[in-house]
Amino acid sequence: MTVRIGVIGTGNMGADHIRNLQRFVAGAAVTVVADYDRATAEAVAAASGARVASDGDALIADPEVDAVIIASHDSTHYAYALAAVAAGKPTLCEKPLAPTLAECEEIVAAEAAAGGNLLSLGFMRRFDPAHTELKAAIDAGVIGPVLRVTGASRNVVSYPGTTSESIITNSVIHELDSIPWLLGSPVSSVAWLAGRATSTVPAGLADPSLTLLRTADGVLTSVDMYVNAEYGYDLRTEVLGEKGALSLTDPALVAVDLGRNRSTGYPLDWRPRFADAYRLELGAWVASVAAGAPSPLASAADGLAASRVAVAVITSMHEGGRWVEVAR
Ligand code: NAI
């Protein structure tokens with residue numbers, strides 16, 4: 001069976017998902033696209049052979065759409081996720097699930113009332129080969145009990161309009177899902193700190209910043225986030241255990257030997273680093289939709305859990321960096 005997919009939002013992520021579906025995922029066809037910016041949708045439709053719907057709601061209702069991808073702006077996820085659930089169509093919603101906790105809770109309740117297993121969240125690290133190997137090594141006890149996790153995440157430049165809070169809900173949110181997933185333990189308390197900010201951002205924007213996460217099993221994780229790092233997209237994670245340490249290493253790159261120096265480049269953004277993760281995530285999602293099987297992706301409940309942690313981090317930010325318990 002071919003799964004006919006409609007993609008809402010044909011910006012960076014939507015266009016990337018469409019290319020990946022067409023090139024790498026068997027049994028998937030992108031039939032309809034929609035974007036608030038019609039010219040963008042038409043350009044992507046022309047390149048992919050899809051049809052353009054008048055808007056996201058029309059796409060969800062379209063009889064030639066079996067399953068939906070929501071890759072539009074964060075602020076649109078709530079309404080589209082609810083509409084997709086009401087239509088009973090399996091949906092892959094990009095992170096975050098919705099901008100507020102109340103909206104996330106409403107979506108989770110609506111999905112449960114509709115019988116569940118409709119919504120999947122785009123926390124693609126769960127499909128990244130390096131992250132899955134890291135989790136397998138932790139689970140196998142290779143380094144003994146985990147004591148600490150140290151992470152650093154750096155982007156080249158932030159989006160216009162970025163705030164200290166949106167750095168948490170948009171960027172750090174990946175760690176808020178991946179750390180409890182890696183450790184198999186939910187985040188129970190958090191703290192947020194910042195020191196000197198880079199001179200390249202408007203006054204008041206806390207960049208870089210440090211988020212501390214304590215999981216229910218007692219492991220302390222530090223996430224050093226810097227979204228205007230300029231030098232390149234750079235993700236580092238070290239898991240320290242009683243007997244040893246596990247670190248993510250850079251994916252294989254081409255080294256340039258020149259003028260008595262050896263160098264490798266940094267990507268401009270996260271897409272090359274997670275190219276395999278996106279393909280594997282899309283492949284697993286389409287296979288589960290085709291089989292009518294439970295989705296192996298992060299769930300709406302996982303999206304809600306990550307958003308609960310994000311709210312606690314922002315509370316700490318607004319209250320002098322104190323430790324804040326995560327609401328359950
Ligand atoms: P983008 O700005 O490149 O594209 C967003 C598109 O949504 C734009 O073309 C815009 O016109 C469209 N749009 C806005 N309102 C709309 C509406 N009401 N209906 C239909 N289309 C609408 O942004 P990008 O980077 O592609 O991000 C899209 C989503 O993916 C965001 O929610 C973002 O947080 C998420 N994301 C996920 C990543 C991941 O690794 N899983 C990485 C980057 C983004």
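Calculated from DSSP H runs of 4 or more alone, at -39500 (n - 2.57) each and per residue, what is the 222 nm mean residue ellipticity of the chain, nearest 500?
Calculated at 222 nm, the ellipticity per residue is -10500 deg cm²/dmol.
Note down the magnitude of the dipole of the chain about its Cα centre, charges +1 on Lys and Arg C-beta and -1 on Asp and Glu C-beta and zero elsewhere, to the nearest 20 debye.
About 700 debye.
What's the magnitude of the charge dipole for the range 3-121 around its Cα centre, counting Lys and Arg as +1 and Asp and Glu as -1 at the beta-carbon? Answer in Debye, nearest 20.
In debye, rounded to 20, the range 3-121 gives about 460.
Where does the longest stretch of the chain lie that holds no GluC sites (Glu not before Pro) found in a DSSP loop with 12 or fewer other Cβ atoms within 10 Å?
Within the chain, the longest run free of exposed GluC sites (Glu not before Pro) spans 1-229.
Which listed residue (S171, H318, V239) has the Cα farthest towards the positive end of the charge dipole for the chain, taking +1 on Lys and Arg C-beta and -1 on Asp and Glu C-beta about the Cα centre?
V239
For the range 107-185, state what percent of all Cα-Cα pairs lands in each successive 10 Å bin, counting from 0 Å until the bin that includes the largest distance.
So the P(r) values, bin by bin, are 14, 35, 32, 19, 1.
How many angstrom lie between the Cα centre of the range 30-46 and the Cα centre of the range 140-160?
If you average the Cα positions of each part, the centres end up 36 Å apart.
For the chain, with a Gaussian network of springs between Cα atoms less than 10 Å apart, report the residue from N155, N12, N261 with the top mean-square fluctuation.
Checking each option, the largest mean-square fluctuation is seen for N261.
How big is the shadow of the Cα convex hull of the range 30-97, averaged over all directions, in nm²?
Quarter of the Cα hull surface area: 4.1 nm².
Working from the alpha-carbon coordinates of the range 3-121, get Rg over Rh, Rh being the Kirkwood radius.
Result: Rg/Rh = 0.95.
Name the residue farthest towards the positive end of the dipole of the range 3-121 from the options N20, G116, Y78, assuming +1 on Cβ of Lys and Arg, -1 on Cβ of Asp and Glu, about the Cα centre.
Sorting the options by dipole projection puts first N20.
Based on the Kirkwood radius over alpha-carbon pairs, what is the Stokes-Einstein translational diffusion coefficient of the range 189-314 at 10 °C with 1.306 mPa s viscosity, in µm²/s?
Using the Kirkwood radius from Cα pairs, D works out to 86 µm²/s.
Quick one: putting +1 on the C-beta of Lys and Arg, -1 on the C-beta of Asp and Glu, what dipole do you get for the range 58-188 around its Cα centre, in Debye to the nearest 20?
480
For the range 196-277, which trypsin sites (Lys or Arg not before Pro) are in a loop by DSSP, counting at most 13 other Cβ atoms within 10 Å?
R196, K243, R260
For the chain, what percent of Cα pairs sit more than 33 Å apart?
Tail of P(r) above 33 Å: 28 percent of Cα pairs.
Name the most mobile residue of A312, A216, A113, meaning the one with the largest mean-square fluctuation, in a Gaussian network model of the chain with Cα contacts below 10 Å.
A113
Neighbouring Cβ atoms within 10 Å as the yardstick, rank L258, L121, L212 fewest first.
Going from least to most buried by this count: L258, L212, L121.
Since every read-out is calculated from the coordinates, none of them should be taken as a lab result. Everything numeric here is computed off the predicted structure, so don't read it as measured data. In this analysis, Cβ positions are derived from the backbone assuming ideal geometry, glycine residues included, and neighbour counts consider all displayed protein chains.
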